[in-house]
1. Out of 109, 105, report the one residue that is out of contact with any Phe, Trp or Tyr (no Cβ under 7 Å at 6 or more places or on another chain) and either among the β-branched types (Val, Ile, Thr) or surrounded by 19 or more Cβ atoms within 10 Å (Cβ to Cβ) (or both).
2. Of the conditions (1) open to solvent by 80 Å² or more (accessible area, probe 1.4 Å); (2) out of contact with any Phe, Trp or Tyr (no Cβ under 8 Å at 6 or more places or on another chain), residue 53 clears all except one; give me its number.
3. Across region 103-154, which residue is nearest to residue 4 (Cα to Cα) among those that are assigned to a helix (DSSP H, G or I) and of a type in the set (Gly, Ala, Ser)?
4. Only one residue in 76, 108 is free of Cβ contacts under 8 Å to residues at least 24 places away in the same chain and either in contact with a helix residue (DSSP H, G or I) (Cβ under 8 Å, 6 or more places away or on another chain) or small (Gly, Ala, Ser) (or both). Which one?
5. Residues 6, 25: which one is polar (S, T, N, Q) and either crowded, with 19+ Cβ neighbours inside 10 Å or in contact with a Gly (Cβ under 6 Å, 6 or more places away or on another chain) (or both)?
6. Just for region 112-144: of the residues that are touching a strand residue (DSSP E or B) at 6+ places or on another chain (Cβ under 8 Å) and small (Gly, Ala, Ser), which one is surrounded by the most Cβ atoms within 10 Å (Cβ to Cβ)?
7. Does any residue in region 20-36 that is without any contact (Cβ under 8 Å) to a residue 24 or more places away in the chain come within less than 7 Å, Cβ to Cβ, of a residue that is of a type in the set (A, V, I, L, M) and assigned to a loop (DSSP other than H, G, I, E, B) six or more places away or on a different chain, and which pairs are these?
8. What about residue 133, is it touching a Pro at 6+ places or on another chain (Cβ under 9 Å) and among the β-branched types (Val, Ile, Thr)?
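The values are calculated or read from the model by the stated rules, or taken from the named source; none is laboratory data. Predicted model, so just to flag it, every value in this text is computed and none were measured. Because the Cβ atoms are built from the backbone with ideal geometry, glycine has one as well, and the counts that use them run over all protein chains shown. Just the protein is used for accessible areas: all its heavy atoms, side chains included, with ligands, DNA and RNA removed. Shrake-Rupley method; radii C 1.70, N 1.55, O 1.52, S 1.80 Å.
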Amino acid sequence: FTVGLSAGVHLALWLAGRHHLPDTSPLQVAEGVRVHGVVSLAGIPDLIAGVQWNICRGACHELVGGLPEAVPHRYQHASPHALLPLGIPQWHLVGTQDQLVPAAYITQYVEVATHHDEVRLELLPDAGHFELIVPTTAVWPAVRHAVLALVEQE
């Protein structure tokens, strides 16, 4: 299981879907780490939509090294959305006041991903981006619950 915030979630979800990469992909490996579930805290699961939404102020196209129309094959290999189904349970939590990764962006991905995988979405009222990783905040119990629920599901 993996838990991450923002760009860290991108990597966790990508790792879960990596087995879908074509053999010709420079990112493909024969044996990889097996991910059994992801708790996504304001994650970045769709790099193309991330460019459209300007998630994290341009971080998506910086990661891939260009815009989707310039290097579409990179997005096909690097975006968890393009690798659906991931074959793992996903629990997405995002604050309703998150300005870096808006709740509507996460909701858009979840609407697609639920057709492929077991996916949950939890919108956390009055929370921004970083409250999700601070154990003393009002939203921490929801984060803790999501992690324990996925672990117990195994």
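1. Answer to the selection: 109.
2. (2)
3. Looking at residues that are assigned to a helix (DSSP H, G or I) and of a type in the set (Gly, Ala, Ser), I get 146.
4. Among 76, 108, only 76 is free of Cβ contacts under 8 Å to residues at least 24 places away in the same chain and either in contact with a helix residue (DSSP H, G or I) (Cβ under 8 Å, 6 or more places away or on another chain) or small (Gly, Ala, Ser) (or both).
5. Residue meeting the stated conditions: 6.
6. Only one residue fits best here, namely 127.
7. If the second residue must be of a type in the set (A, V, I, L, M) and assigned to a loop (DSSP other than H, G, I, E, B), the pairs left are 28/21.
8. no
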